[in-house]
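The values are calculated or read from the model by the stated rules, or taken from the named source; none is laboratory data. What you are looking at is a predicted structure, and each value in this text was computed from that prediction instead of being measured. Cβ: placed from backbone, ideal geometry, glycine included. Neighbour counts: every protein chain shown. Side chains are part of the model used for accessible areas, which takes the heavy atoms of the whole protein and leaves out ligands, DNA and RNA. Shrake-Rupley method; radii C 1.70, N 1.55, O 1.52, S 1.80 Å.
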Amino acid sequence: MSTVRTSAVRTSTARTNSARPGHNAGLRHVLTHLITPLLMCIGMGFAYLGAFANPAPHHLPVAIVGSSRSAQLLAQSINDKAGGDLEVRTVGDRSAAVDQLRRQEIFGAYVIDARGGQGAHGRHGTHGGYGTNGTNGALGGVGSSRGAGSSHGAGSSTGADGADEAAVGSAKPAPELLVATAGSDTSASVVQKIFTPIAAQQDAPLKVTDVVPPAEDDPTGQGIFFLLVAISIGSYASVAVIGGAGAVLPLRLRAALAIGTSFVVSLIGTAFAGPVFHLVDHGLWGLWGMAWLYSAGILLIGTGLHTFLKRWTTLGVMALFVMLNFTSSGGIFRPEMQNGFFAALHSFWNGAGFVEGTRSHVYFDGYGLSRHLWTLALWLAVGLLTVGVAALAEKRWRTAEAEVVANAAAVAAAAVAATVPEPAPRGTARSARTDGEVGAGDGGSAEDEMGDEMGDEAEAEEEMEEAVGV
């Protein structure tokens, strides 16, 4: 009994020892593949936290509406205090400020008094370090009628006119802030935080006017960014399928699949933007065109890169079209609210081209649209170029592989020829036979000889197959 138990223990131990090499190999395989998601985690952390963790204005352009000296002094005071965070300019009148907002040249315009005369109201006071000291000339009915920022009180006033001006001057000012939320809700919020304390120094509530509001069903205007996310994921996820499952297909067919897939993805995105969620209320055909350009660029670039990156393709396209793309698109924070790296990417990355192009097409009367379309077209051209380079590389690899196979076959054939003995001459074989075998008849000897020859050929062919297989 003890002998049987000992034998069983030895058998179990042998099985365990034989299984360990397999487990070790499997563990190494899993750990190797875990590198990809860990790198994704690190990349996403650096990208998203680096772009969104500490938003702050960097040379954010805003305007003070007015041509008077007080408006100029206020703009200069804010510029000095901001230390480069803002770029404050003066704009002659309200309509000019609205035009600049519609061209996205500025992201906020402060109207000192929305009733019309920038100098027709009382004091500016000391605006928490941002304002200027002095009085407006409209107070001339009480004292001197000449002031630094007067727009209609430059001289003395007498009689009823002077009394009317004094009454107007004693009324509280009506400051107004003009913003364009469709361009960036976060930038509009930052501008409002900047100018609300300045209006408070005028002892008047700040009126905020949105001159370019987003669609009713997209109150923050950020729906375009999340549309970008949906189209991007549909595009770069398809790259893995086309490159992996379609690896046996020729590259021209994979490229055709990429173009067709981009067409479907862009239609899905347009459906989300229009009839499904009503992110935009017009211009759907233009949005579809930009979505197709954007998606086709991603799919072609990814399909071409798969030839070189293989299983690292997913990490590569995520780095290009998620980590660097979403963070620099301007969908959440415009480049004026980000550091220099992501602000620089915004000027030429494809996600920014789609987001800003869609905003321009839908909300800003097409201003600057051509530049964004060129950005998307250039990324599509990069995709076509990547596929072309991949096609040349695959052709060169196929040629080299065919040469290796041909050389291996030639070497194997030579080896077989050297190792397989040549069949003996028929005369020798006949002379070696005994008299009894010869007496069996000529027909029988012929059949035996044919069988020997066929056996030799089969053996040589089998050896050739084994050599080529090795």
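Laid out as a table, the results:
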| item | result |
| --- | --- |
| Which numbered condition Val212 misses (of (1) open to solvent by 10 Å² or more (accessible area, probe 1.4 Å); (2) assigned to a loop (DSSP other than H, G, I, E, B)) | (1) |
| Unmet requirement for Ala258, which otherwise passes all of (1) over 19 Å from the mean Cα position of the chain (by Cα); (2) under 30 Å from Ala393 (Cα atoms) | (1) |
| Top-ranked residue of the stretch 260-270 - restricted to ones that are in contact with a helix residue (DSSP H, G or I) (Cβ under 9 Å, 6 or more places away or on another chain) and either open to solvent by less than 60 Å² (accessible area, probe 1.4 Å) or not in a helix (DSSP H, G or I) (or both), ranked as farthest from Gly357 (Cα to Cα) | Thr261 |
| Residues (surrounded by fewer than 21 Cβ atoms within 10 Å (Cβ to Cβ) and under 14 Å from Asp93 (Cα atoms)) located in the stretch 53-67 | Ser67 |
| Qualifying residue in the stretch 84-104 (condition: crowded, with 23+ Cβ neighbours inside 10 Å, hydrophobic (A, V, I, L, M, F, W, C), under 22 Å from Glu356 (Cα atoms) and more than 30 Å from the chain's Cα centre (by Cα)) | yes |
| In the stretch 280-306, the residues that are open to solvent by 10 Å² or more (accessible area, probe 1.4 Å), assigned to a helix (DSSP H, G or I) and either at pLDDT below 95 or farther than 19 Å from Thr375 by Cα (or both) | Leu284, Leu305, His306 |
| Filtered residue count, the stretch 49-82, keeping only those that are without any contact (Cβ under 8 Å) to a residue 12 or more places away in the chain and aromatic (Phe, Trp, Tyr) | 0 |
| Count of the stretch 365-418 residues which are crowded, with 16+ Cβ neighbours inside 10 Å and of a type in the set (S, T, N, Q) | 2 |
| Residue match in the stretch 312-329 (condition: without any contact (Cβ under 8 Å) to a residue 24 or more places away in the chain, open to solvent by 10 Å² or more (accessible area, probe 1.4 Å) and farther than 14 Å from Ser295 by Cα) | yes |
| Odd one out for Gly116 among (1) surrounded by fewer than 23 Cβ atoms within 10 Å (Cβ to Cβ); (2) modelled with pLDDT of 95 or more | (2) |
